[in-house]
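*Asks:* The structure's right below; bear with me while I get my questions together.
The values are calculated or read from the model by the stated rules, or taken from the named source; none is laboratory data. Remember, it's a predicted structure, so these values are computed and weren't measured experimentally. Note: ideal-geometry Cβ built from the backbone for every residue, glycine included; neighbour counts use all protein chains shown. Side chains included, ligands, DNA and RNA excluded: accessible areas come from the protein's heavy atoms. Shrake-Rupley method; radii C 1.70, N 1.55, O 1.52, S 1.80 Å.
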There are 2 protein chains.
Amino acid sequence: MRIEQRPEFQIHLQNLKSKEQLYLETIFSVANGHFGVRDSNPLQGNNPNYRGTPGLFINGFYDYYEIQYGEKYTGYPVNDQVINRLCDPRYIRIKIGDEDSSVNYFKVDTVDKNMDMQTGMLHEIFSVTTPQGKIFNLIVESFASVEAANVYGIKYGIVPINFDDEVEVIKVHDYVNQKTSSTVSDVRVNESQGHLQLDFLDGYEQPSYLLTTYKSQQGSLLTFNGSGPKLTYFKDENNHWGYHATYFGKKGTQKEFEFLFSIGAVYPLVNAQMYADQYLVKLNEDIKNTSFKSELMASAQVWQTFWLHSDVEIDGDPEVQLSLRFNLFELYQSAGKDSHTSIPAKGLSGNGYGGHYFWDTEIFMLPFFIYTNPELAKKILMYRYETLSVAEQQSTQFGFKGGAMYPWRSINGVEASAYWPAGTAQIHIDADIAYAIEQYYEVTGDDDFLDNYGYEIIVETARFYMEWGNFAKINDQRRFVINRVTGPDEYSAVVDNNYFTNKMVKFNFRMVQKYAKRFENTELSKRLGLSPKELNRIKEAADLMYLPFDNEKKVKLQDQNFKQMNKLDLSKIDNNDFPLLLHYHPLMLYRSQVNKQADTILADVLFPSGYSEDELMRDFDFYEPITTHDSSLSQAVFAIAAARVGKQDQSYNFFSQAIQTDILNSHHNTANGIHAGSLGAAWEGVFYGFAGVINNAGTFTMNPKLPARWNSVKFRIFLYDSEYIFTIYEHEVHVSLLSGTGTTITIAGAKCDLDNESPEQVVKY
Amino acid sequence: MRIEQRPEFQIHLQNLKSKEQLYLETIFSVANGHFGVRDSNPLQGNNPNYRGTPGLFINGFYDYYEIQYGEKYTGYPVNDQVINRLCDPRYIRIKIGDEDSSVNYFKVDTVDKNMDMQTGMLHEIFSVTTPQGKIFNLIVESFASVEAANVYGIKYGIVPINFDDEVEVIKVHDYVNQKTSSTVSDVRVNESQGHLQLDFLDGYEQPSYLLTTYKSQQGSLLTFNGSGPKLTYFKDENNHWGYHATYFGKKGTQKEFEFLFSIGAVYPLVNAQMYADQYLVKLNEDIKNTSFKSELMASAQVWQTFWLHSDVEIDGDPEVQLSLRFNLFELYQSAGKDSHTSIPAKGLSGNGYGGHYFWDTEIFMLPFFIYTNPELAKKILMYRYETLSVAEQQSTQFGFKGGAMYPWRSINGVEASAYWPAGTAQIHIDADIAYAIEQYYEVTGDDDFLDNYGYEIIVETARFYMEWGNFAKINDQRRFVINRVTGPDEYSAVVDNNYFTNKMVKFNFRMVQKYAKRFENTELSKRLGLSPKELNRIKEAADLMYLPFDNEKKVKLQDQNFKQMNKLDLSKIDNNDFPLLLHYHPLMLYRSQVNKQADTILADVLFPSGYSEDELMRDFDFYEPITTHDSSLSQAVFAIAAARVGKQDQSYNFFSQAIQTDILNSHHNTANGIHAGSLGAAWEGVFYGFAGVINNAGTFTMNPKLPARWNSVKFRIFLYDSEYIFTIYEHEVHVSLLSGTGTTITIAGAKCDLDNESPEQVVKY
């Protein structure tokens, strides 16, 4: 297979506005959902003056850190969970004559970097100068295989430029926990590093490591092999196994050395220790009798399949096109694919937010996978089922009789939020998960998932809300209220009846009802002990759910008392004071009508039916001016909302900013990792915004509103067993059924019943 | 002077129900407002196995500790302030033959302890057994002088019981920061200890120390002298100066050694260092040419004066009588008397709450001093004026244009609360201070204070609230609202329009208005820049202040949404699960109608006018069943409220529990220090509750409701320049004017215009 490098799939250093090192380490990280490798300087890994944050991260491999509280109250999480920063597989040691890169720290200049998103290969050229002035080029190719989850490949080419001399190449990983230079004081960053132990295991034909954590009691294994001229297995001066080659380098002559790493799964510590041999045998198999090139090609083929089903082709907007591809590429790089892990908020490109999973996955990233890769979407949802029992325990520990209390942020399912007003209080996480399950089921019709996993989550989350909320009189009417919560907007906290939360919970309750008949008298229903009385009470709660509304302005109220909050005049705030959370005490923000991110507007976007365009317009006009978009999850949502109410220009502006969050480093913190939720939200901008898709209870409709500058946008999606391809032009939509039996879809009001007989249709609008 | 030991003024070990060591260390601590000394085991101070928490605390002498936050947001306090635990002046080293108490750790049994509250002297007898079985009695007398603030006296008597042997007495203080054994995990305790440096200063005739803190950059000085048979100044084996005496002890023969400490003020570090000589000269003067006995007598005389004006004599309830005396005694022991310090929440009897001052001072302790010792009350209020500029800075830093934001808890005026929802959010502290100023002025008519200090505070606190609050529509009516605050009840937090807060702020606004005319065109008014426009706006805010009310139940609502909160059924909660804060996540409590302490009821108590008894009754009946009294500030307030609505038995029950908070250790944490606020609140129970005093804008009224078991209660108070004595019997009140020109007072509806001509009256009721 020979893949032509198409420029519209290349992230090229020259096209990036920022050349800041930590930013580039994130942007050019390679990952496959199991692990990620930051784009470190390969010669500087153990240089104490190196300002980078190199690292290999394994999804779900974390250690515990005791959280420090000024005042610690009952029920606070004891431990934070922080993804481990492992030894950097990019690191290499090179000696030229009597100079040693690990001692003399050669000067490394980046000549070029390019990420080919078609193949997932990162290609780099460095110009290296030794202290004595010897210059050589270092060409590095690397990838994280999406075909074999354990495999990471890296190839080094060395070309002496101005000398002939003895060259020694040494590849030994005898360090972990590279120093990071970050001096950022930013509450959103968690720079704690893993207290890892790295043990060399003797008796193998290649360097083999056992990685174990101290407090979380996890273990993983790692091994690597190499090939290249004169490359031999050896022990270095520290008695560590690795590879080295010594040869006489000649000006202009390139020598290549390639290494394949096999990076194991995460096990309980005791298993990792006891079965290390068995695991290593399997890990070795992945990189035996193969080569950098064949592994790369195998992976590239999977990337091809990914792009085939998942690409979004925009005609007329090359910048946005490239950004969108980057986003989709990163989403796929970040997504855990083993049913035990989810998608960290920063992908596997950094340890911002400690490698935790948030609601970002279910609300902002999952839709992309549901429509383009439903098998993967299912695996991601399975993580929530795997941690259901933990969520159930948490609900009981909190003081409730039952239900499941999912954590606001976590790796292993246990709440790891150190600040409950913007953590544990965001109880909408439960309903976010239930919403995602329903969305998945609506698009896939996957009965297996609903019957064996999904409905149980829907019931247990609903039960949690029945415990948290209560019936009470509001304006003399009996209502179901949900007090003392925090909605998505983190510039408000500990409010009563957050509209978004209540709306989501109502939906959660409705789901219990909707499927109650289906599960009547089933084993599941018996096991859950779901009685008609309980179902009635849930129905009553849904019927009476309080949804705060301003009768004067006729807008939805973010929460019950939102209307009476102080108006914060954003126009009077200095530009340097954004994001506000870094410049104001929480109480200054909580007191005010000011939003960090879409909250009520997100409810409008997630529940597009049942509201008139006028009402959506009023909501938009009310919330848009008070929203700072200090969260990267905000603009894409506003883009969708704007598209729906026909504010095309505003929509495009929001979208084009949202989609470039990381590429433009617009939140100034891409250094800590990509904004995976934002990347997913950008796809939602195209799909729900410009394509105008609404998918409700089995009816798929599309009401496109193409940005003025776009000639067309083309994408594929799966609906049930069928795959469709859509091309949306300014005034018409071309749709084809690619596979499957087809289902009814509605485009711009026109019903399209495509089938294998007539698989294509053009709808004018 | 010879003071007869009256039993009703003795706190005697035998009469205490708990003999737990840490509890006794608190109960028998001696203090004078400048410093306090816990009742440690005098021989065990440097024994690592000693389970006590010995300590000398100087009011206002603290060090900083960086507060650790799991997630640290903008504007959070950087440092906690923790009162320093200094070297224990009770410590003594005794050698018997070849046994050394500082090495062999003699066994010390308490034979007796007695605090004579008439003189402030603590008298103790210990029976000490050496490892070799030698037994001697150790008799210790000690006091903190209320006559000379620097002076602490301690006298040791040694009586060999079963041996004749060489005895050596050594008094050297060469250690600080005694180990504490506390393993309590209680958010209300701050067990951090001072990083003190203790320097011996050479060249003095007695041991002299410079005490300096590392981070807060404070310093103090301390010196002591001794006298006794063969006692000489010497250097010990560690080269530290002190005193020792060697003599041959004979069975049954007592030798006495007495020491006077002079404990300096708190200075900026650089002053303490630079002027150490001068300060020491003065400190020495306090203990030169005097003796333990004469210092004790001088102090006892001040105590006599204290009891003369401040005692409350109850006939018919000896247990309550003794507890009440203990409370008043502790209040006077705890109160800072130098205008630079206030009253720590735990007095100077322990370092619970870090030695911080809270609203406890102004709302719960100050009334006792205002009525019985107005000069001292003024000094305590001066602390707030001294820290006004810090409060002004805090308001500006928070983001406001002006105003003063007093700290919820602090020593030096800077907010030291590590948990803002139950700290900084309790913005009622500002109005609490303004309320206390008005109360002080109403009782004393002290124009100097109002003109030069008080009004400025009233204005700046009002300005703060004008910034925090805003006008908004509530139920279609324009109102002034105060959102996102926490009222006194710490089982609710971050609420909107807390009734108590709004009522207090309204009062604060009204005070600005009330005195506006008085200050019109004054220098002060010009300096403050108080314009008619601003005054009008403050008036408008007061007029429109929103005070949430339940129109159905006709009760005041603790906050705007309180009615819709979940009902927590206290009867279903296990007794071991109180206090709830140690067993439930904050959100479990905040979601519920459950009170830690009086909140709305406190508003009823502080503003007794204008409400019908029916309304007060309804409030009481609504809030009483949902209040856990997990705060020690609660029961006394309920006692007053109950008395006012004629629930005499309930009132007495609340009162008798409140008054014994520390004596009975009913909150199980007296070990960390007394509950000074609770002690003061108990006096309020007598005064505002049973005596039924209401003092509003110059009209003093009394409507007594004596507990059934009391024959009478007798007390004195000051009103303006006059002192009165009241004796309240079941159906009559005897009142006499003791000094001053008299003012109009109303007793049970009858006006009493006492003057020097007719200074006595009997009113029947």
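*Asks:* For segment B:66-184, give me every one of the strands (runs of 3 or more DSSP E) that falls completely inside it and has 1 or more residues that are within 31 Å of the chain's Cα centre (by Cα).
*Replies:* Because the criterion is at least 1 residues that are within 31 Å of the chain's Cα centre (by Cα), the strands (runs of 3 or more DSSP E) in segment B:66-184 that meet it are B:79-83, B:107-116, B:121-129, B:135-144, B:151-160.
*Asks:* Would you mind stating whether B:Leu530 is buried (at least 20 other Cβ atoms within 10 Å of the Cβ), over 30 Å from A:Gly423 (Cβ atoms) and either away from chain A (no Cβ under 11 Å) or out of contact with any helix residue (DSSP H, G or I) (no Cβ under 7 Å at 6 or more places or on another chain) (or both)?
*Replies:* Judged against the criteria, B:Leu530 is a match.
*Asks:* Additional query: I'd like to know if segment A:539-553 contains one or more residues that are modelled with pLDDT of 95 or more and farther than 30 Å from B:Asn475 by Cβ.
*Replies:* yes
*Asks:* Does segment A:366-414 hold any residues that are charged (D, E, K, R), open to solvent by 20 Å² or more (accessible area, probe 1.4 Å) and either within 14 Å of another protein chain (Cβ to nearest Cβ) or touching a residue at least 60 places away in the same chain (Cβ under 8 Å) (or both), and which are they?
*Replies:* Residues satisfying the conditions are A:Lys378, A:Glu392, A:Lys401, A:Arg409.
*Asks:* Collect the residues in segment A:411-458 that are under 18 Å from the mean Cα position of the chain (by Cα), closer than 20 Å to A:Lys506 by Cβ and outside any helix (DSSP H, G or I), keeping them in residue-number order.
*Replies:* Matches in segment A:411-458: none.
*Asks:* Further, regarding this structure: Would you point out which residue out of A:Gln81, A:Gln68 is buried (at least 24 other Cβ atoms within 10 Å of the Cβ) and within 14 Å of chain B (Cβ to nearest Cβ)?
*Replies:* Exactly one of A:Gln81, A:Gln68 is buried (at least 24 other Cβ atoms within 10 Å of the Cβ) and within 14 Å of chain B (Cβ to nearest Cβ), namely A:Gln81.
*Asks:* So in segment B:490-510, with the set limited to residues that are of a type in the set (A, V, I, L, M) and closer than 18 Å to A:Asn566 by Cβ, which one is nearest to the other protein chains (Cβ to nearest Cβ)?
*Replies:* So, considering only residues that are of a type in the set (A, V, I, L, M) and closer than 18 Å to A:Asn566 by Cβ, the one nearest to the other protein chains (Cβ to nearest Cβ) is B:Val494.
*Asks:* Among the listed residues B:Gly680, B:Gly740, B:Gly749, B:Gly698, which satisfies the condition of being under 19 Å from B:Phe654 (Cβ atoms) and either touching a residue at least 60 places away in the same chain (Cβ under 8 Å) or not charged (D, E, K, R) (or both)?
*Replies:* Exactly one of B:Gly680, B:Gly740, B:Gly749, B:Gly698 is under 19 Å from B:Phe654 (Cβ atoms) and either touching a residue at least 60 places away in the same chain (Cβ under 8 Å) or not charged (D, E, K, R) (or both), namely B:Gly680.
*Asks:* Give the residues of segment A:472-489 that are part of a loop (DSSP other than H, G, I, E, B) and either among the hydroxyl-bearing types (Ser, Thr, Tyr) or touching a residue at least 12 places away in the same chain (Cβ under 8 Å) (or both), sorted by residue number.
*Replies:* Once the filter is applied, which keeps residues that are part of a loop (DSSP other than H, G, I, E, B) and either among the hydroxyl-bearing types (Ser, Thr, Tyr) or touching a residue at least 12 places away in the same chain (Cβ under 8 Å) (or both), segment A:472-489 yields A:Ile482, A:Asn483, A:Arg484, A:Thr486, A:Gly487, A:Pro488, A:Asp489.
*Asks:* Filter segment B:464-489 down to residues that are surrounded by fewer than 24 Cβ atoms within 10 Å (Cβ to Cβ) and charged (D, E, K, R) and give me whichever is farthest from the other protein chains (Cβ to nearest Cβ).
*Replies:* Going through the qualifying residues, I end up with B:Arg478.
*Asks:* May I ask you to verify whether B:Pro54 is part of a loop (DSSP other than H, G, I, E, B), open to solvent by less than 30 Å² (accessible area, probe 1.4 Å) and under 29 Å from A:Tyr73 (Cα atoms)?
*Replies:* For B:Pro54, the condition - part of a loop (DSSP other than H, G, I, E, B), open to solvent by less than 30 Å² (accessible area, probe 1.4 Å) and under 29 Å from A:Tyr73 (Cα atoms) - is met.
*Asks:* Please verify whether segment B:607-626 includes one or more residues that are within 14 Å of chain A (Cβ to nearest Cβ), buried (at least 21 other Cβ atoms within 10 Å of the Cβ) and of a type outside the set (S, T, N, Q).
*Replies:* no
*Asks:* Given the conditions (1) modelled with pLDDT under 95; (2) buried (at least 18 other Cβ atoms within 10 Å of the Cβ), which single one is not true for B:Asn15?
*Replies:* If we test B:Asn15 against (1) modelled with pLDDT under 95; (2) buried (at least 18 other Cβ atoms within 10 Å of the Cβ), just (2) comes out false.
*Asks:* Here's something else I'd like to know. For B:Glu460, indicate whether it is facing chain A (nearest Cβ under 10 Å) and acidic (Asp, Glu).
*Replies:* It is false that B:Glu460 is facing chain A (nearest Cβ under 10 Å) and acidic (Asp, Glu).
*Asks:* How many residues does segment B:313-348 contain that are assigned to a helix (DSSP H, G or I) and of a type in the set (Gly, Ala, Ser)?
*Replies:* 2
*Asks:* Continuing with the same structure: Determine which single condition A:Val645 fails, assuming it passes every other condition in (1) open to solvent by less than 20 Å² (accessible area, probe 1.4 Å); (2) under 28 Å from the mean Cα position of the chain (by Cα).
*Replies:* Evaluating A:Val645 over (1) open to solvent by less than 20 Å² (accessible area, probe 1.4 Å); (2) under 28 Å from the mean Cα position of the chain (by Cα) leaves (2) as the failure.
*Asks:* Name the residues in segment B:554-601 that are open to solvent by 20 Å² or more (accessible area, probe 1.4 Å), within 11 Å of chain A (Cβ to nearest Cβ) and touching a helix residue (DSSP H, G or I) at 6+ places or on another chain (Cβ under 9 Å), would you?
*Replies:* Answer for segment B:554-601, where residues must be open to solvent by 20 Å² or more (accessible area, probe 1.4 Å), within 11 Å of chain A (Cβ to nearest Cβ) and touching a helix residue (DSSP H, G or I) at 6+ places or on another chain (Cβ under 9 Å): B:Gln560, B:Asn566, B:Lys567, B:Leu568, B:Ile573, B:His583, B:Tyr584.
*Asks:* Would you mind telling me which numbered condition in (1) open to solvent by less than 10 Å² (accessible area, probe 1.4 Å); (2) among the aromatic types (Phe, Trp, Tyr); (3) within 14 Å of chain B (Cβ to nearest Cβ) A:Tyr440 fails?
*Replies:* (3)
*Asks:* Identify, by number, the condition in (1) over 23 Å from B:Ala436 (Cβ atoms); (2) more than 10 Å from chain A (Cβ to nearest Cβ); (3) open to solvent by 40 Å² or more (accessible area, probe 1.4 Å) that B:Gln513 doesn't meet.
*Replies:* (1)
*Asks:* Then there is this: Can you list the strands (runs of 3 or more DSSP E) found entirely within segment B:219-267 that contain at least 1 residues being among the small types (Gly, Ala, Ser) and in contact (Cβ under 8 Å) with a residue 12 or more places away in the chain?
*Replies:* B:241-249, B:255-263
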